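Step one of this worksheet: look at the structure below.
The values are calculated or read from the model by the stated rules, or taken from the named source; none is laboratory data. The model shown is predicted, which means the values in this text are computed figures rather than measured ones. A quick note on method: Cβ atoms are made from the backbone with ideal geometry, for glycine too, and the neighbour counts reach across all protein chains shown. Areas reflect the complete protein model, heavy atoms only, side chains present, ligands, DNA and RNA absent. Shrake-Rupley method; radii C 1.70, N 1.55, O 1.52, S 1.80 Å.
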Amino acid sequence: MARRKKVYEGKAKMLYEGPEPGTLVQYFKDDTSHDMKQTIIAGKGVLNNRISEYIMKRLNEIGIPTHFMRRLNMREQLVKEVEIIPLELVVRNVAAGSFAERLTIAEGTTLPRSIIEYRYKGGDKGKQLVSEEHITAFGWASPQDLDDMMSLALRTNDFLNGLFFGVGIRLVDFRLKFGRLYLDEEVLLVIADEISPDNCRLWDSKTGEKLDKDRFRCDLGNVAQGYQEVARRLGILPESGPADLKGPKVMQ
Ligand code: TMP
(Lines give C-alpha, C1' and ligand atoms only; values in the text may rest on other atoms or scores of the structure.)
Protein backbone atom coordinates (compact mmCIF):
# COMPACT_ATOMS: atom_id res chain seq x y z
CA MET A 1 0.00 0.00 0.00
CA ALA A 2 1.31 3.45 -0.91
CA ARG A 3 2.40 5.47 2.14
CA ARG A 4 0.67 8.80 2.49
CA LYS A 5 2.73 11.92 2.70
CA LYS A 6 2.44 13.75 6.01
CA VAL A 7 2.28 17.50 5.39
CA TYR A 8 1.92 18.72 8.98
CA GLU A 9 2.04 17.39 12.53
CA GLY A 10 0.68 19.42 15.42
CA LYS A 11 0.13 18.52 19.06
CA ALA A 12 -3.34 17.03 18.57
CA LYS A 13 -3.64 16.41 14.83
CA MET A 14 -1.79 15.42 11.70
CA LEU A 15 -2.46 16.37 8.09
CA TYR A 16 -1.76 14.04 5.18
CA GLU A 17 -2.00 14.68 1.45
CA GLY A 18 -5.56 13.95 0.34
CA PRO A 19 -6.74 11.66 -2.45
CA GLU A 20 -7.35 14.58 -4.84
CA PRO A 21 -5.50 17.86 -5.38
CA GLY A 22 -6.83 20.54 -3.05
CA THR A 23 -7.76 18.04 -0.33
CA LEU A 24 -6.08 16.90 2.88
CA VAL A 25 -6.76 14.13 5.39
CA GLN A 26 -6.98 15.43 8.97
CA TYR A 27 -6.06 12.79 11.58
CA PHE A 28 -7.12 13.26 15.22
CA LYS A 29 -4.57 12.07 17.81
CA ASP A 30 -5.16 11.19 21.46
CA ASP A 31 -2.26 13.43 22.51
CA THR A 32 -3.04 16.48 24.58
CA SER A 33 -0.85 19.21 26.01
CA HIS A 34 -0.98 22.43 27.95
CA ASP A 35 2.03 24.54 28.89
CA MET A 36 4.68 21.98 29.92
CA LYS A 37 2.17 19.16 30.56
CA GLN A 38 1.40 16.50 28.03
CA THR A 39 -0.36 13.15 28.04
CA ILE A 40 -2.43 10.72 26.00
CA ILE A 41 -6.18 10.59 26.59
CA ALA A 42 -7.40 7.31 25.14
CA GLY A 43 -10.26 7.84 22.71
CA LYS A 44 -10.06 11.65 22.65
CA GLY A 45 -9.18 11.75 18.93
CA VAL A 46 -12.16 9.56 18.04
CA LEU A 47 -14.54 11.77 20.03
CA ASN A 48 -13.14 15.03 18.63
CA ASN A 49 -13.37 13.67 15.08
CA ARG A 50 -17.08 12.94 15.64
CA ILE A 51 -17.90 16.15 17.51
CA SER A 52 -16.07 18.36 15.02
CA GLU A 53 -17.69 16.53 12.09
CA TYR A 54 -21.12 17.10 13.61
CA ILE A 55 -20.57 20.83 14.18
CA MET A 56 -18.79 21.58 10.89
CA LYS A 57 -21.49 19.74 8.91
CA ARG A 58 -24.21 21.84 10.56
CA LEU A 59 -22.22 25.03 9.91
CA ASN A 60 -21.82 24.12 6.22
CA GLU A 61 -25.57 23.44 6.05
CA ILE A 62 -26.48 26.89 7.35
CA GLY A 63 -24.09 28.66 4.99
CA ILE A 64 -21.10 29.18 7.28
CA PRO A 65 -18.26 27.81 5.12
CA THR A 66 -15.77 25.40 6.67
CA HIS A 67 -12.95 23.26 5.31
CA PHE A 68 -14.81 20.06 6.31
CA MET A 69 -15.82 17.69 3.48
CA ARG A 70 -16.58 14.33 5.10
CA ARG A 71 -15.51 11.94 7.84
CA LEU A 72 -13.46 9.04 6.50
CA ASN A 73 -13.15 6.77 9.52
CA MET A 74 -12.85 6.79 13.33
CA ARG A 75 -9.92 9.20 13.39
CA GLU A 76 -9.81 10.89 10.00
CA GLN A 77 -11.75 13.39 7.97
CA LEU A 78 -11.34 14.75 4.47
CA VAL A 79 -10.91 18.53 4.38
CA LYS A 80 -10.27 21.19 1.77
CA GLU A 81 -6.71 22.44 1.61
CA VAL A 82 -6.61 26.08 2.70
CA GLU A 83 -3.96 28.68 3.43
CA ILE A 84 -4.11 29.06 7.20
CA ILE A 85 -4.31 32.62 8.53
CA PRO A 86 -1.80 32.91 11.41
CA LEU A 87 -4.45 34.11 13.86
CA GLU A 88 -6.78 32.55 16.40
CA LEU A 89 -10.13 34.20 17.09
CA VAL A 90 -11.44 33.59 20.59
CA VAL A 91 -15.15 34.28 21.08
CA ARG A 92 -16.13 34.78 24.72
CA ASN A 93 -19.59 34.79 26.26
CA VAL A 94 -18.61 34.18 29.88
CA ALA A 95 -15.42 35.19 31.73
CA ALA A 96 -13.03 32.25 32.11
CA GLY A 97 -9.43 31.20 31.53
CA SER A 98 -6.87 33.80 30.50
CA PHE A 99 -9.57 36.48 30.11
CA ALA A 100 -10.81 36.14 33.71
CA GLU A 101 -7.22 36.17 34.94
CA ARG A 102 -6.01 39.08 32.79
CA LEU A 103 -8.93 41.37 33.66
CA THR A 104 -9.56 40.01 37.19
CA ILE A 105 -13.19 39.27 36.43
CA ALA A 106 -14.71 36.38 38.38
CA GLU A 107 -14.87 33.16 36.37
CA GLY A 108 -18.47 32.53 35.36
CA THR A 109 -19.46 36.20 34.96
CA THR A 110 -21.70 36.57 31.90
CA LEU A 111 -20.20 39.24 29.65
CA PRO A 112 -22.31 42.27 28.64
CA ARG A 113 -21.94 41.09 25.05
CA SER A 114 -19.88 38.53 23.18
CA ILE A 115 -16.26 39.63 22.93
CA ILE A 116 -13.82 38.58 20.22
CA GLU A 117 -10.08 38.50 20.85
CA TYR A 118 -7.27 37.83 18.37
CA ARG A 119 -4.10 35.88 19.02
CA TYR A 120 -1.16 35.89 16.64
CA LYS A 121 0.51 32.50 16.17
CA GLY A 122 3.53 33.35 14.05
CA GLY A 123 6.25 34.48 16.47
CA ASP A 124 8.59 32.32 18.53
CA LYS A 125 7.07 33.47 21.84
CA GLY A 126 3.89 31.41 21.52
CA LYS A 127 0.47 32.89 20.97
CA GLN A 128 0.15 36.59 21.68
CA LEU A 129 -2.94 38.70 22.17
CA VAL A 130 -3.00 41.31 19.38
CA SER A 131 -5.33 44.05 18.16
CA GLU A 132 -6.76 44.79 14.70
CA GLU A 133 -4.05 47.47 14.43
CA HIS A 134 -1.28 44.87 14.73
CA ILE A 135 -3.03 42.53 12.30
CA THR A 136 -3.54 45.04 9.50
CA ALA A 137 -0.22 46.86 10.03
CA PHE A 138 1.76 43.62 9.66
CA GLY A 139 -0.53 42.26 6.90
CA TRP A 140 -1.49 39.05 8.74
CA ALA A 141 -5.01 39.68 7.45
CA SER A 142 -6.68 42.53 5.55
CA PRO A 143 -9.45 44.75 6.94
CA GLN A 144 -11.87 42.80 4.70
CA ASP A 145 -10.57 39.48 6.10
CA LEU A 146 -11.11 40.82 9.61
CA ASP A 147 -14.69 41.85 8.80
CA ASP A 148 -15.39 38.43 7.29
CA MET A 149 -13.80 36.52 10.19
CA MET A 150 -15.64 38.61 12.77
CA SER A 151 -18.99 38.08 11.03
CA LEU A 152 -18.42 34.31 10.62
CA ALA A 153 -17.27 34.03 14.25
CA LEU A 154 -20.39 35.81 15.56
CA ARG A 155 -22.71 33.70 13.39
CA THR A 156 -20.93 30.58 14.59
CA ASN A 157 -21.30 31.77 18.17
CA ASP A 158 -25.07 32.26 17.72
CA PHE A 159 -25.40 28.80 16.21
CA LEU A 160 -23.24 27.05 18.83
CA ASN A 161 -24.94 28.86 21.71
CA GLY A 162 -28.30 27.55 20.52
CA LEU A 163 -27.01 24.06 19.80
CA PHE A 164 -25.38 23.64 23.20
CA PHE A 165 -28.16 25.43 25.13
CA GLY A 166 -30.57 22.86 23.72
CA VAL A 167 -28.58 20.01 25.25
CA GLY A 168 -27.99 21.61 28.65
CA ILE A 169 -24.52 23.01 27.99
CA ARG A 170 -23.32 26.60 28.51
CA LEU A 171 -20.95 27.76 25.76
CA VAL A 172 -18.43 29.79 27.74
CA ASP A 173 -15.92 30.49 24.96
CA PHE A 174 -14.29 28.90 21.94
CA ARG A 175 -11.40 29.39 19.56
CA LEU A 176 -11.56 29.44 15.77
CA LYS A 177 -8.92 29.23 13.05
CA PHE A 178 -9.58 30.42 9.51
CA GLY A 179 -8.11 29.60 6.12
CA ARG A 180 -8.20 31.06 2.64
CA LEU A 181 -9.80 28.75 0.10
CA TYR A 182 -8.64 29.56 -3.42
CA LEU A 183 -11.47 29.05 -5.91
CA ASP A 184 -11.37 29.74 -9.67
CA GLU A 185 -12.63 33.29 -9.47
CA GLU A 186 -12.46 34.21 -5.81
CA VAL A 187 -10.83 33.61 -2.45
CA LEU A 188 -13.21 32.49 0.29
CA LEU A 189 -12.51 32.63 4.04
CA VAL A 190 -13.54 29.39 5.73
CA ILE A 191 -13.40 27.96 9.23
CA ALA A 192 -10.55 25.45 9.47
CA ASP A 193 -9.04 23.08 12.05
CA GLU A 194 -11.61 21.63 14.47
CA ILE A 195 -14.39 22.64 16.83
CA SER A 196 -14.39 20.29 19.81
CA PRO A 197 -13.97 20.25 23.61
CA ASP A 198 -10.24 20.82 22.93
CA ASN A 199 -10.97 24.39 21.85
CA CYS A 200 -14.30 25.24 23.47
CA ARG A 201 -15.20 25.77 27.13
CA LEU A 202 -18.39 23.84 27.77
CA TRP A 203 -20.07 23.80 31.19
CA ASP A 204 -23.09 21.83 32.28
CA SER A 205 -25.89 24.42 32.41
CA LYS A 206 -27.25 23.24 35.75
CA THR A 207 -24.20 22.17 37.73
CA GLY A 208 -21.45 24.22 36.07
CA GLU A 209 -19.40 21.03 35.66
CA LYS A 210 -16.61 21.49 33.10
CA LEU A 211 -16.91 19.08 30.15
CA ASP A 212 -13.88 20.28 28.12
CA LYS A 213 -10.09 20.44 28.06
CA ASP A 214 -10.04 22.44 31.31
CA ARG A 215 -10.40 19.01 32.96
CA PHE A 216 -6.85 18.39 31.75
CA ARG A 217 -5.54 21.97 32.08
CA CYS A 218 -6.75 22.19 35.70
CA ASP A 219 -6.07 18.54 36.66
CA LEU A 220 -9.74 17.82 37.34
CA GLY A 221 -9.50 14.23 36.04
CA ASN A 222 -11.85 12.12 33.89
CA VAL A 223 -11.03 14.13 30.77
CA ALA A 224 -12.39 11.62 28.23
CA GLN A 225 -15.63 11.29 30.21
CA GLY A 226 -16.27 15.03 29.77
CA TYR A 227 -15.79 14.79 25.99
CA GLN A 228 -17.95 11.67 25.93
CA GLU A 229 -20.73 13.48 27.73
CA VAL A 230 -20.66 16.27 25.12
CA ALA A 231 -20.87 13.67 22.32
CA ARG A 232 -23.65 11.81 24.11
CA ARG A 233 -25.74 14.92 24.54
CA LEU A 234 -25.28 15.85 20.89
CA GLY A 235 -26.61 12.39 20.04
CA ILE A 236 -23.42 11.28 18.32
CA LEU A 237 -22.15 8.72 20.80
CA PRO A 238 -23.94 5.52 19.90
CA GLU A 239 -25.00 3.58 22.97
CA SER A 240 -25.75 0.36 21.07
CA GLY A 241 -23.84 0.67 17.80
CA PRO A 242 -24.18 2.93 14.78
CA ALA A 243 -27.92 2.18 14.42
CA ASP A 244 -28.37 4.17 17.61
CA LEU A 245 -27.15 7.46 16.10
CA LYS A 246 -29.72 10.12 16.83
CA GLY A 247 -29.90 13.90 16.73
CA PRO A 248 -29.35 16.14 19.76
CA LYS A 249 -31.18 15.13 22.96
CA VAL A 250 -33.13 18.20 24.08
CA MET A 251 -32.81 18.80 27.84
CA GLN A 252 -35.94 19.85 29.78
P1 TMP B 1 -7.94 31.05 27.19
O2 TMP B 1 -8.99 31.55 28.15
O3 TMP B 1 -6.96 30.12 27.80
O4 TMP B 1 -7.32 32.18 26.45
O5 TMP B 1 -8.71 30.16 26.08
C6 TMP B 1 -9.79 30.68 25.35
C7 TMP B 1 -10.38 29.58 24.48
O8 TMP B 1 -9.44 29.16 23.53
C9 TMP B 1 -10.78 28.32 25.27
O10 TMP B 1 -12.00 27.84 24.74
C11 TMP B 1 -9.68 27.36 25.01
C12 TMP B 1 -9.19 27.76 23.65
N13 TMP B 1 -7.76 27.57 23.45
C14 TMP B 1 -7.33 26.83 22.38
O15 TMP B 1 -8.12 26.32 21.61
N16 TMP B 1 -5.98 26.66 22.20
C17 TMP B 1 -5.06 27.23 23.03
O18 TMP B 1 -3.86 27.06 22.81
C19 TMP B 1 -5.53 28.02 24.13
C20 TMP B 1 -4.55 28.66 25.07
C21 TMP B 1 -6.88 28.16 24.30
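Quick notes
- Filter pass, Gly45 being within 16 Å of the ligand (Cβ to nearest atom), at negative phi, of a type in the set (Gly, Ala, Ser) and open to solvent by less than 30 Å² (accessible area, probe 1.4 Å): yes
- Of all residues making up region 128-147, the number that are open to solvent by 50 Å² or more (accessible area, probe 1.4 Å) and either at pLDDT below 95 or under 13 Å from Ile116 (Cβ atoms) (or both): 3
- Index of the failed condition, Val190 passing every other in (1) more than 24 Å from Val94 (Cβ to Cβ); (2) within 20 Å of the chain's Cα centre (by Cα); (3) modelled with pLDDT of 95 or more; (4) surrounded by fewer than 20 Cβ atoms within 10 Å (Cβ to Cβ): (4)
- Of all residues making up region 74-112, the number that are away from the ligand (no atom under 14 Å from the Cβ), under 27 Å from Phe28 (Cα atoms) and not hydrophobic (A, V, I, L, M, F, W, C): 6
- Single condition Val79 does not satisfy, out of (1) open to solvent by less than 40 Å² (accessible area, probe 1.4 Å); (2) within 23 Å of Leu171 (Cβ to Cβ): (2)
- Looking across Leu176, Leu202, one residue alone is within 13 Å of the ligand (Cβ to nearest atom) and in contact with an Asp or Glu (Cβ under 6 Å, 6 or more places away or on another chain). It is Leu202.
- Candidate set from region 205-236 (those that are under 15 Å from the mean Cα position of the chain (by Cα) and within 15 Å of the ligand (Cβ to nearest atom)); member that is surrounded by the most Cβ atoms within 10 Å (Cβ to Cβ): Tyr227
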